[in-house]
Structures are given as structure tokens and as C-alpha cells.
Amino acid sequence: MAAENSSVTEFILAGLTDQPGLRMLLFFLFLGFYVVTVVGNLGLITLIGLNSHLHTPMYFFLFNLSFIDFCYSTVITPKMLMSFVSKKNIITYAGCMTQLFFFLFFVVSESFILSAMAYDRYVAICNPLVYTATMSPQVCLLLLLGVYVMGFAGAMAHTTCMMRLTFCANNLVDHYMCDILPLLERSCTSTYVNELVVFVVVGIDIGVPTVTIFISYALILTSILHIHSTKGRSKAFSTCSSHIIAVSLFFGSGAFMYLKPSSLLPMNQGKVSSLFYTTVVPMLNPLIYSLRNKDVKVALKKSLSKKLFS
């Protein structure tokens with residue numbers, strides 16, 4: 001499939017570097033990152049699924065966060081690894097648009113699942129007596145539906161606008177994946193509408209979750225300050241700290257990449273920035289959300305004990 005008004009049927013992805021000496025080093029580095037990402041996220045998904053005491057709203061959202069991280073890392077990383085071992089890392093037009101759609105779908109879904117998790121923590125800390133009723137299975141499913149609907153809407157908006165463009169004969173994309181900004185550089189026609197969509201849609205996809213998270217944590221902080229027990233305050237802060245770190249990495253790198261005019265952000269810096277939310281964040285999330293969590297540690301020990309005894 002190619003755009004009806006474009007002669008380009010395939011793109012060449014430039015990758016992270018054109019220095020042969022660095023390629024194999026980066027290949028094994030990012031292969032290691034991907035293995036840790038896959039093992040960590042699938043391990044957490046399996047652990048939550050097999051342990052009934054983890055079937056709570058908090059771990060329901062964590063289950064879906066791990067699923068999203070696994071999926072969008074898989075959409076990006078294998079193709080990026082190809083750029084380190086291939087002379088020309090070619091991707092078809094259809095493959096490029098497909099990668100763009102699914103990358104955007106999962107990355108937007110992640111931003112909203114993080115805001116849903118912040119709301120869950122707000123209810124748990126500020127309204128513990130009504131937590132079970134407020135975060136009922138029906139409410140959790142509706143929140144999750146909203147997460148994926150926003151992901152689909154954002155991905156469709158960007159991908160549809162991208163497919164209306166005419167691409168030039170120079171089909172070398174200065175990136176390791178089919179992302180919005182590097183593809184816009186290859187367009188022969190005006191990208192004004194696309195840039196407007198980027199600022200509006202990305203503004204919504206970053207702005208709405210950010211405001212939700214900010215308000216949730218402002219209320220959480222107020223509630224924590226009213227806790228007289230030092231142990232209680234420490235536990236509440238510990239519950240929130242991991243989420244705050246992940247949110248800062250994810251939204252910070254995303255805003256830096258998309259909410260600046262391309263003239264102020266050289267593509268090389270954009271590639272490095274995008275590595276945080278395509279590679280680093282999916283790898284770190286299982287660690288910062290689970291390994292510091294006592295419930296997950298207990299569930300892991302029980303699962304390992306059962307396997308060893310069986």
C-alpha cells in the first residue's frame with residue numbers, strides 16, 4: 001500500500017548512528033534492554049494473573065501498564081535492532097504507517113493509564129473507607145475503556161493526517177522508527193495541518209493526564225500532611241514515589257520531543273529523547289512499580305516456592 005498521491009513505496013530508517021564501530025555495541029545494549037523489558041513486563045503480567053490477592057484495582061492498572069509497555073516496546077525495538085545489523089533498514093510504506101499507528105496507540109494509552117493509576121492512589125489514600133465502592137470492577141473497566149479509546153483516537157488522528165501527505169523521492173527517515181516529526185521532514189507538501197494536529201492532540205494527550213495527575217497528587221499531599229503517624233506518612237510517600245518517577249520520565253521526554261518547534265529541536269536530540277519513552281521507561285516500569293512493592297515480592301516468593309516444591 002502507498003499513499004495515492006505519493007510515489008514512495010518504502011522508507012529507509014537511518015537508525016541511531018552511522019558509525020560502524022558503535023553499531024554492534026548498541027545492538028547488544030538495546031537487545032539487553034529489550035530482553036529485560038519483555039521478561040519484566042511479561043513476568044509481572046503472569047504474577048498478577050496467577051495471584052488472587054493481587055486482583056485489586058491498583059494491580060489491575062499495573063497489569064495493563066505492563067501489557068502496554070510490552071506491546072509498544074515490541075512495536076519499536078526489533079526494527080531498531082535491525083538498523084544496527086543491516087546496511088539499509090528498509091520498511092514499506094504500509095509497514096511504516098502501521099508502526100506509527102500502533103506506537104501512537106500504545107504511547108497515548110500509557111499516558112492515560114498513568115493518570116488512571118494516579119486517580120486510584122488518590123482514592124486509596126484520601127478516601128480509604130469508600131475505596132472498594134469507588135473503584136469497583138465496573139468503574140475500573142470504564143476507566144480502562146477510556147484509556148484505550150483515547151489511545152485509538154490519538155493514533156487515528158495522527159496516522160490519517162500522515163497518510164494524506166505526499167512524500168519526496170528522498171525516502172531516508174532520520175530516525176530509528178516511523179515517528180511523526182521525522183516523517184514530516186520527508187513531505188513534499190505543506191505539513192501545517194499535521195503540525196497543528198500534533199500540538200492540539202499531543203497537548204490533550206499530555207495535558208489532560210498531567211492535570212489529572214497533578215490534582216490527584218496535590219490532594220494526596222494534603223491528605224498525607226494530615227497523617228500524624230510517621231510510619232503512615234512514610235508508607236503513603238513510598239506508594240507514590242515510584243509512580244512520580246515514572247510519570248516524570250515519560251511525560252518529560254514526551255513533552256520535550258513533541259511540544260517544541262522542530263527548528264528548536266535537532267533530530268539527533270529528538271532521537272535521544274524518544275529513547276526514554278520507547279526503551280528506558282518500558283524497561284524501568286516493572287522495576288520501579290513492583291520490586292519496591294512488598295505485595296509483589298511476597299507473591300513472587302510464593303510462586304517460586306510452589307514451583308520449587310512441585
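For the subset of the range 79-91 comprising residues that are open to solvent by 40 Å² or more (accessible area, probe 1.4 Å) and modelled with pLDDT under 90, which member is nearest to Leu13 (Cα to Cα)? Lay out the reasoning, then the answer.
First, pick out the residues of the range 79-91 that are open to solvent by 40 Å² or more (accessible area, probe 1.4 Å): 79, 82, 85, 87-88, 90.
Filter once more, keeping what is modelled with pLDDT under 90: 82, 85, 87-88.
On the way: Met82: 10, Val85: 12, Lys87: 10, Lys88: 8 Å.
Taking the candidates together, the pick is Lys88.
Within the range 15-33, is even one residue part of a helix (DSSP H, G or I), free of Cβ contacts under 8 Å to residues at least 24 places away in the same chain, open to solvent by less than 60 Å² (accessible area, probe 1.4 Å) and over 18 Å from Leu100 (Cβ atoms)?
We begin by selecting, within the range 15-33, every residue part of a helix (DSSP H, G or I); these are 20-33.
After this cut, where a residue has to be free of Cβ contacts under 8 Å to residues at least 24 places away in the same chain as well, the list is 20-22, 25, 28-29, 32.
Checking which are open to solvent by less than 60 Å² (accessible area, probe 1.4 Å) leaves us with 32.
Cutting the leftovers down to over 18 Å from Leu100 (Cβ atoms) gives us 32.
So far as the range 15-33 goes, yes, one or more of its residues are part of a helix (DSSP H, G or I), free of Cβ contacts under 8 Å to residues at least 24 places away in the same chain, open to solvent by less than 60 Å² (accessible area, probe 1.4 Å) and over 18 Å from Leu100 (Cβ atoms).
Examine the range 64-78 for a residue that is free of Cβ contacts under 8 Å to residues at least 24 places away in the same chain and open to solvent by 20 Å² or more (accessible area, probe 1.4 Å), and state whether such a residue exists. Step through it out loud before you land on a result.
Narrowing the range 64-78 to residues free of Cβ contacts under 8 Å to residues at least 24 places away in the same chain: none.
Scanning the range 64-78 turns up no residue that is free of Cβ contacts under 8 Å to residues at least 24 places away in the same chain and open to solvent by 20 Å² or more (accessible area, probe 1.4 Å).
Of the residues in the range 171-195, how many are within 20 Å of Leu16 (Cβ to Cβ) and either assigned to a strand (DSSP E or B) or not hydroxyl-bearing (Ser, Thr, Tyr) (or both)? Spell out how you get there, then give the answer.
Going through the range 171-195, the residues within 20 Å of Leu16 (Cβ to Cβ) turn out to be 171-186.
Subsequent filtering for residues that are either assigned to a strand (DSSP E or B) or not hydroxyl-bearing (Ser, Thr, Tyr) (or both) retains 171-175, 177-186.
Within the range 171-195, residues that are within 20 Å of Leu16 (Cβ to Cβ) and either assigned to a strand (DSSP E or B) or not hydroxyl-bearing (Ser, Thr, Tyr) (or both) number 15.
Have a look at Ala94, Ala133 and point out the one that is in a helix (DSSP H, G or I), open to solvent by 60 Å² or more (accessible area, probe 1.4 Å), aliphatic (A, V, I, L, M) and over 22 Å from Phe251 (Cβ atoms). Lay out the reasoning, then the answer.
Details: Ala94 fails: open to solvent by 60 Å² or more (accessible area, probe 1.4 Å).
Every option except Ala133 fails the conditions.
Applying the selection to the range 183-200, what residues are within 26 Å of the chain's Cα centre (by Cα) and open to solvent by 70 Å² or more (accessible area, probe 1.4 Å)? Even if it seems obvious, please write down each step before you answer.
Within the range 183-200, the first condition is being within 26 Å of the chain's Cα centre (by Cα), and the residues that meet it are 183-186, 191, 193-200.
Residues satisfying the conditions are Glu185, Glu195, Leu196, Phe199, Val200.
Could you go through the range 143-166 and let me know if any residue there is open to solvent by less than 80 Å² (accessible area, probe 1.4 Å), under 24 Å from Leu275 (Cβ atoms), modelled with pLDDT under 90 and of a type outside the set (Gly, Ala, Ser).
Scanning the range 143-166 turns up no residue that is open to solvent by less than 80 Å² (accessible area, probe 1.4 Å), under 24 Å from Leu275 (Cβ atoms), modelled with pLDDT under 90 and of a type outside the set (Gly, Ala, Ser).
So the check is Cβ under 9 Å with 6+ separation or different chains; which pairs have a first residue in the range 81-96 that's closer than 27 Å to Thr166 by Cβ and a second one that's of a type in the set (Lys, Arg) and at pLDDT below 95?
So the pair list comes out as Ser83/Arg23; Asn89/Lys79; Ile91/Lys79; Gly95/Lys79.
Quick one: Thr9 ticks every box in (1) open to solvent by 20 Å² or more (accessible area, probe 1.4 Å); (2) out of contact with any strand residue (DSSP E or B) (no Cβ under 7 Å at 6 or more places or on another chain); (3) farther than 30 Å from Ile244 by Cα except a single one, so which number is it?
Thr9 satisfies all of (1) open to solvent by 20 Å² or more (accessible area, probe 1.4 Å); (2) out of contact with any strand residue (DSSP E or B) (no Cβ under 7 Å at 6 or more places or on another chain); (3) farther than 30 Å from Ile244 by Cα except (2).
For Leu249, are the conditions met, namely being in contact (Cβ under 8 Å) with a residue 12 or more places away in the chain, open to solvent by 50 Å² or more (accessible area, probe 1.4 Å) and under 20 Å from the mean Cα position of the chain (by Cα)?
Numbers: in contact (Cβ under 8 Å) with a residue 12 or more places away in the chain: yes; open to solvent by 50 Å² or more (accessible area, probe 1.4 Å): yes; under 20 Å from the mean Cα position of the chain (by Cα): yes.
Answer is yes for this residue.
How do the pairs read when you match residues in the range 133-156 that are without any contact (Cβ under 8 Å) to a residue 24 or more places away in the chain and closer than 14 Å to Met117 by Cα with residues anywhere that are β-branched (Val, Ile, Thr) and crowded, with 18+ Cβ neighbours inside 10 Å, using Cβ under 6 Å and keeping only pairs 6 or more apart or on different chains?
Final answer for the pair search is Thr134/Val123.
Cβ-Cβ under 7 Å, sequence separation 6+ or interchain: first residue in the range 271-287 and without any contact (Cβ under 8 Å) to a residue 24 or more places away in the chain, partner assigned to a helix (DSSP H, G or I) and surrounded by fewer than 21 Cβ atoms within 10 Å (Cβ to Cβ). Which pairs?
As it stands, the answer is Ser273/Ser253; Ser273/Phe256, since those pairs meet every condition given.
Among (1) open to solvent by 20 Å² or more (accessible area, probe 1.4 Å); (2) within 18 Å of Pro282 (Cβ to Cβ); (3) among the hydrophobic types (A, V, I, L, M, F, W, C), which single condition is Phe103 missing?
Exception for Phe103: condition (1).
Return the pairs, sorted by first residue and then second, in which the second residue is at pLDDT below 90 and assigned to a loop (DSSP other than H, G, I, E, B), the first residue lies in the range 163-180 and is small (Gly, Ala, Ser), the beta carbons are less than 8 Å apart, and the residues are 6+ apart or on different chains.
Correct list of pairs: Ala169/Ser7; Ala169/Val8.
The values are calculated or read from the model by the stated rules, or taken from the named source; none is laboratory data. Note that the coordinates shown come from a computational prediction; the quantities given were computed from them, not determined experimentally. Cβ coordinates were reconstructed from backbone atoms using ideal geometry, including for glycine residues, and neighbour counts include every protein chain displayed. Side chains included, ligands, DNA and RNA excluded: accessible areas come from the protein's heavy atoms. Shrake-Rupley method; radii C 1.70, N 1.55, O 1.52, S 1.80 Å.
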